[in-house]
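The values are calculated or read from the model by the stated rules, or taken from the named source; none is laboratory data. All figures in this text were calculated on a predicted structure; none of them were measured in a lab. All Cβ positions, even for glycine, are placed from backbone atoms using ideal geometry, and neighbour counts span all protein chains on display. Heavy atoms of the whole protein, side chains included, go into the accessibility calculation; ligands, DNA and RNA do not. Shrake-Rupley method; radii C 1.70, N 1.55, O 1.52, S 1.80 Å.
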Amino acid sequence: MGTLDGQTAWITGGGSGIGAAGARALAGAGAAVVLSGRRAEPLEAVADEIRAAGGMARTHPLDVSDSAAVADAVAEIGQVDILLANAGLNLPERNFENVSIEGWDRIVNVNLNGVFYPVQAVLPGMREAGGGLLILISSWAGRYATRLTGPAYNATKRAVLALSESVNGEECRNGIRSTVIMPGEVATEIMKSRPVPPSEDTMSRMLQAEDLARTIRFVAEAPPRVCLNEILISPTWN
């Protein structure tokens, strides 16, 4: 018997990195996971891996910045007990000196709208069920803005923190709780979008996706009476 048996977990950005690792962890605890992302092939690969290990997984490719597609996905998925909102991106041209309006809009549409749309879509079902858990992946930059990550990324990741606070303030009466996780550097594909990508040696010192997966499972397995509002986590070599 898994601790999350009978629950459905929807993971956005589930084809790689933190999303894929989190999906494996939640499935390992007994949840039936639904993987979403823009590319079908990576999603199917993760789902196949989960099923091969005895877990339950299916896929629903979509663009989280498309509100209609998100609403359609939830209508098809059905009741969502756990939402892991992980989809996010950054661009090499990310600082005030070189960020374009188009680049700003792209980051905002994925990193902020792409979190709000899934949250807003699952809340009615959670209210009706009398509870639910949101796990929103922000960033160290959501707490401490840095030049390295750029103003659009900093602003959107801080906004995710405010979104989570708003959920807890408004929806606690409905048994719904939200945890925002703010990791420092994690060795995932997003590192390739840096103006100067880090070396393999540097990435080996960072947090790994599996470290965040353990954190995600810890949050998901907390009793419904427990709300872990924020988790700020960094590599020791920071």
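Data table
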quantity	calculated
Globularity ratio of segment 101-195, using Cα Rg and 2.2 N^0.38 Å	1.16
Protection-proxy order for peptides 106-112, 151-157, 141-147, each taking the mean of Cβ atoms within 10 Å per residue, highest first	151-157, 106-112, 141-147
More than 28 angstrom apart: percent of Cα pairs within segment 1-151	22
Over segment 87-189, relative contact order from alpha-carbon pairs under 8 Å, at least 6 apart, %	32
Length added when fully stretched, V196-I233, from 0.36 nm per residue minus Cα-Cα	11.0 nm
Sequence ranges 115-126, 23-34, ranked by mean other-Cβ count within 10 angstrom, highest first	23-34, 115-126
Residues of segment 119-238: accessible area per residue with a 1.4 Å probe, Å²	48
Fluctuation leader among E221, E210, E170 - the chain, Gaussian network, Cα springs under 10 angstrom	E170
Taking the chain and dividing mean pair separation by its residue count, relative contact order in percent (alpha carbons under 8 Å, at least six apart)	20
Relative contact order of segment 166-236, defined on C-alpha pairs under 8 angstrom at six or more residues apart (%)	48
Whole-percent carbon and sulfur share, accessible surface of the chain, 1.4 Å	52
The chain - charge dipole about Cα centre, Lys and Arg +1 at Cβ, Asp and Glu -1, debye rounded to 20	480
Distance from segment 165-238 to segment 1-41 (C-alpha centre basis), Å	15
Order of exposure, largest accessible area first, which applies to W237, W104, W10 with probe 1.4 Å	W237, W104, W10
Mean residue ellipticity (222 nm) of the chain, computed from DSSP H runs ≥ 4 via -39,500 (n - 2.57), nearest 500	-13000 deg cm²/dmol
